[in-house]
Amino acid sequence: MDQNALFFFNEKPEALPLYRAFEERLLSELEGVVIQVQKTQITLKNRRVFGAVSFLPARRAKDRPTPYITITLGLNRREGSLRIDQASEPYPGRWIHHLVIGSAEEIDSELMAWVREAYNFAAAKR
């Protein structure tokens, strides 16, 4: 993890262990992932952007865990799981999904299957 990522969590250091757990699993399961820290999100790329980590309030405040991170993934379909906090179709055939993660246990095989699907979807685009 680089200094920029650490700085990203400067305001919410309690969420850093969640991100570390996610990043570790992400980098161990997928090759060629580029992590780009920006002001409001940490962007995940291969050839194209396939996801992001942020503090987007995708769930009502009273229902959000403390700490939390929001993982955003782009898929070619709408995922109907109850774990998805928000989903939208910004243009035909591209669905953006937001998941609020409050514990390392939520970074499980189901989540990583969606991450891999988003990764493959982005890689296949022209």
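The values are calculated or read from the model by the stated rules, or taken from the named source; none is laboratory data. The shown structure was predicted, so the numbers you read here are calculated from the model rather than taken from an experiment. Don't worry about glycine lacking a Cβ; one is built from the backbone with ideal geometry, like all the others, and counts go over all protein chains shown. Ligands, DNA and RNA are stripped out before the accessible areas are found, and what is left, the full protein with its side chains, is counted by its heavy atoms. Shrake-Rupley method; radii C 1.70, N 1.55, O 1.52, S 1.80 Å.
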Exercise. Only one of (1) touching a residue at least 60 places away in the same chain (Cβ under 8 Å); (2) closer than 18 Å to Lys125 by Cα fails for Ile96. Which number is that?
Worked result: (1)
Exercise. What are the residues in the stretch 58-89 that are in contact with a Pro (Cβ under 8 Å, 6 or more places away or on another chain) and of a type in the set (S, T, N, Q), if any?
Worked result: Thr70
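Among the residues of the stretch 45-64, are any among the acidic types (Asp, Glu) and more than 21 Å from Glu105 (Cα to Cα)?
No, the conditions are met nowhere in the stretch 45-64.
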For this session: Go through the stretch 65-111 and give me each residue that's open to solvent by 60 Å² or more (accessible area, probe 1.4 Å) and among the hydrophobic types (A, V, I, L, M, F, W, C).
Result: Leu82
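Could you count how many residues in the stretch 105-120 are of a type outside the set (A, V, I, L, M, F, W, C) and within 16 Å of Gly80 (Cα to Cα)?
Going through the stretch 105-120 one residue at a time, the tally reaches 2.
This table checks each residue for (1) surrounded by 14 or more Cβ atoms within 10 Å (Cβ to Cβ); (2) over 16 Å from the mean Cα position of the chain (by Cα).
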{"site": "Asp2", "(1), (2)": "no, yes"}
{"site": "Ala15", "(1), (2)": "yes, no"}
{"site": "Leu18", "(1), (2)": "yes, no"}
{"site": "Ala21", "(1), (2)": "yes, no"}
{"site": "Arg25", "(1), (2)": "yes, no"}
{"site": "Leu30", "(1), (2)": "yes, no"}
{"site": "Thr40", "(1), (2)": "no, no"}
